[in-house]
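Just so you know, all these numbers are worked out from the coordinates, no wet-lab data involved. On a predicted model such as this, the values are computed, not experimentally measured, just so you know. Cβ placement follows ideal geometry from the backbone for every residue including glycine, while neighbour counts extend to all protein chains displayed.
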Amino acid sequence: MDHYTPRAWQPHERPTLPGSPSTPLHPTPKRLAFALVGVLVAVTGGLGNSLVIANLPYLQGALGATTAEMAWLPAAYVMTNVSMNLLLVKFRQQFGLRAFTEVFLALYALVTFGHLFVNDLSSAIAVRAAHGMVGAALSSLGLYYMVQAFPAKWRLKALVLGLGTSQLALPMARLFSEDLLQIAEWRGLYLFELGMALLSLGCVLLLKLPPGDRFKTFEKLDFLTFTVLASGVALLCAVLSLGRIDWWLEAPWIGVASALSIVLILAGLAIEHNRSNPMLMTRWLGSGVMIRLALAVVLIRMVTSEQSTGAVGFLQALNMSSEQMHSLYVVMLIGSIAGLVTSALTINPAHLFMPLIISLALMATGSVMDSYSNNLSRPQNMYFSQFLLAFGSTFFLGPTMILGVRNVLTNPRNLVSFSVLFGICQNLGGLVGAAVLGTFQVVREKFHSSHLVENLQLFDPRVAARVDSGGSAVGSLISDPGLRHLQGIRSLAAAATREANVLAYNDVFMLIAVIAVLTMIWISIRALWLMSTTQPVATAPGPSTQPSGATSS
């Protein structure tokens, strides 16, 4: 690769990897400013999709769409977001960090402004897809700003905080989004997001990142690879997002999209495998170390789906409103912040497997506690379990990324490959978790419902009493005895459906606990094996390491 602007760096400020900013010494006030801007940018990047996820029912009414149609909004965001690191890393390397910063934040603000003029579902989906593309840049941007806020000896702590801050967006969105809806209905969400985007743009224009080295990196074949791979991954994301809603074996498009995604992904990998200067190092990605890392990230992300797919879905099935769950969202946010801060304070390059084991143990404990829920369970009954799950969901992020970064430092050409791998595993892990758990919940609900209904016989005195009780509840409104009896049967059927859902969610919680325990056992065995063969459990960069810029997207 040819330098565009070769520089002579001091030892303490030299960028470790292409595309990273230099790290000059900053006075304390300026470090604090970098930290605040890093938090602002990272949260802004995460809020876009989080506000939509937290308010899908309200947006559904505003756009006049069905549940299946509304599911395309978060799906479109992930479809375009997940593969953008293929281009973003090279964009930073070739055009510089300042161009990267200003161009993508300006685009983010423009796309958010476009949200205000969305009046139908198709345009909303198109805008969400555009948001996914430009939003992918903000996670790495927040990470770079956070790195500037810490001295070299605390560089790993900065990496953990920068990477995890964007994960706080979803619990934050659930806390205050109802107030935004009251301001200007669904446009209130986008007005707030636009304000955050413009504030972030102003801050990064006032406080610029230090420059880094620039290289000529793009080749014509890169864009072919990106088009093929991004299309394949996008189709896979669509299948995982919509499969449990349209149902896997009933919608013909799911089969077609699944087949095309496999063909396109394999074609893209084949192109890269046979290139003389590939963008993706397929042989490195296919190594045992990277496959194990990818599998671990996917499994842990599946476990973290317990909060969004499990606990929140369970309480909504019991007709709990967002206002009633407000205190639970506060607990989730506190748990996420606690996990992030604890990870930053305790991160140890020599012991990176231990945080993963602790995270899984905490999340398994929380899931087992939730598996004893019933129809009288309320948000306050889930405070402790959800705190454990929120803590574990951010406690594991930093160590998993550092496990991969150590392999990038030995060969910087692996940077794009690792960025793509980490981003895809993070996103697909969440999608796979939601798809598997959501499908499992539907299947178990049908099982429990059929089991309950087949034991409800009208000649059973207890059943007859329950039907009469349900009919008596509307006795002042319905005088016809036959209609009252029919209403009593409907009331009993609704109660049976509710109980079937409760039992199904308990099964989901237990399944999550099983996945967490099995993953924890696997990682523990791997760590013990490495120790017994006298290899370091996880050698990682020392305190002065500069992060690679890989993001969770």
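P(r) tail for the stretch 85-124, what percent of Cα pairs lie past 13 Å?
On the way: 480 of 780 pairs.
Of the Cα pairs, 62 percent sit more than 13 Å apart.
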For the stretch 220-278: relative contact order, % (alpha-carbon pairs under 8 angstrom, 6 or more apart): 49 percent
Approximate shape of the stretch 136-176 as ellipsoid semi-axes (Cα gyration tensor, √5λ), whole Å, largest first: 22, 11, 7
Amide H partners (placed H, <5 Å) of L352, local residues excluded: A538
Segment T282-L295, extension gain: residue separation times 0.36 nm, minus the distance between their alpha carbons: 3.1 nm
Lysine pairs in the stretch 1-219 with Cα atoms under 23 Å, if 8 or more residues apart or on separate chains: 8
Residues Y372, Y77, sorted so that the one with the fewest Cβ neighbours within 10 Å comes first: Y372, Y77
Inter-label distance for D179 and K153, nm, one decimal - labels placed 7 Å from Cα along Cα-to-Cβ: 4.0 nm
Residues S327, S322 arranged by fewest to most Cβ contacts within 10 Å: S327, S322
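Quote the charge dipole size of the stretch 1-219 about the Cα centre in Debye, to the nearest 20; the model charges only the Cβ of Lys and Arg (+1) and of Asp and Glu (-1).
Numbers: 16 positive and 11 negative charges, 209 e Å.
Using Cβ point charges on Lys, Arg, Asp and Glu, the stretch 1-219 gives about 1000 debye.
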Under the Karplus curve 6.51 cos²θ - 1.76 cosθ + 1.60, θ = phi - 60°, whole-Hz ³J(HN,Hα) for the stretch 280-294, x wherever Gly or Pro sits: 10, 7, 5, 5, 5, 5, x, 6, x, 4, 6, 5, 5, 5, 4
Cβ-derived FRET efficiency at R0 51 Å, A495 paired with L205, nearest 0.05: 0.30
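At a 10 Å Cβ-Cβ cut-off, how would you order W186, W248, fewest neighbours first? Write out the running numbers ahead of the final one.
Working: W186 22, W248 14.
Ranked by crowding around the Cβ, least crowded first: W248, W186.
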